[in-house]
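For reference, the structure discussed in these notes is given below.
Every read-out reported here was derived from the displayed coordinates using simple, explicitly stated rules and does not represent laboratory data. If you're wondering where the values come from, they're calculated on a predicted model, not measured in any experiment. With ideal geometry, Cβ positions are generated from the backbone for all residues, glycine too; neighbour counts draw on all protein chains shown.
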Amino acid sequence: MTIETLQALTNSQGSLIALQQRLSATRDIMKEEALQNFVFDLRDYADSLRVVTDLSTVTTIETIEVTEISRVFSEQNQLLRTLITDLEELDEQNKSQEFLNLTEGELRRLIGSLQGVLELNSLNLQDNLNFQRQLKDKGITVNQTTETVATEEEKTGFFQRLFGKK
């Protein structure tokens, strides 16, 4: 059960990161400081999941819409709770080796880190309500992408000119 929960959490994280990238590419969202902060908090939260998801690889990335953020957070909340409960049971039974060959200390640290991630999940779930309301009030859609800024061609260095390599 623990490995399946970990895999579901890893896939969910991949979907959340893909959504965060779409949000950060939306010009109207990135112009508003409050909305921008939520997008950055979303990325920080998704990165915090790596404490456990680095132990697995993403197999499926589901495309999620902005309106589904609450659902994803709720699912992840349940997955985190299940994972924490399973890991605590392994710790109580002194079977830490059964979860990816972790030592008892590593398992306890992982449990503590996951409890912190669970707290971040709850905070982001609350912030999402405000984010959704602001998107609706301002009529912002996520399909718009940021403008690309043309940059000057990079000057070649001495050795690049000398050896003709870029």
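The figures follow:
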{"read-out": "Where labels lie 7 Å past Cα in the beta-carbon direction, separation of Phe40 and Glu89 in nm", "value": "4.1 nm"}
{"read-out": "FRET efficiency for Ala25 and Gln115, using Cβ-Cβ distance with R0 set to 35 Å, rounded to 0.05", "value": "0.60"}
{"read-out": "Qualifying GluC sites (Glu not before Pro) in the range 22-82, DSSP loop, other Cβ atoms within 10 Å at most 14", "value": "Glu62, Glu65"}
{"read-out": "Cβ-Cβ FRET estimate between Leu100 and Glu68, R0 fixed at 25 Å, reported to 0.05", "value": "0.25"}
{"read-out": "The range 23-149, Rg to Rh (Cα coordinates; Rh as Kirkwood inverse mean 1/r)", "value": "1.07"}
{"read-out": "Stokes-Einstein D (µm²/s) once Rh is taken as the Kirkwood radius of the range 28-73 over alpha-carbon pairs, at 10 °C in 1.306 mPa s", "value": "128 µm²/s"}
{"read-out": "Val51-Val142 pseudo-label distance in nm [points 7 Å out on the Cα-to-Cβ vector]", "value": "2.5 nm"}
{"read-out": "Geometric extent, Cα atoms of the range 3-84 - Rg, Dmax (angstrom)", "value": "12.9, 40"}
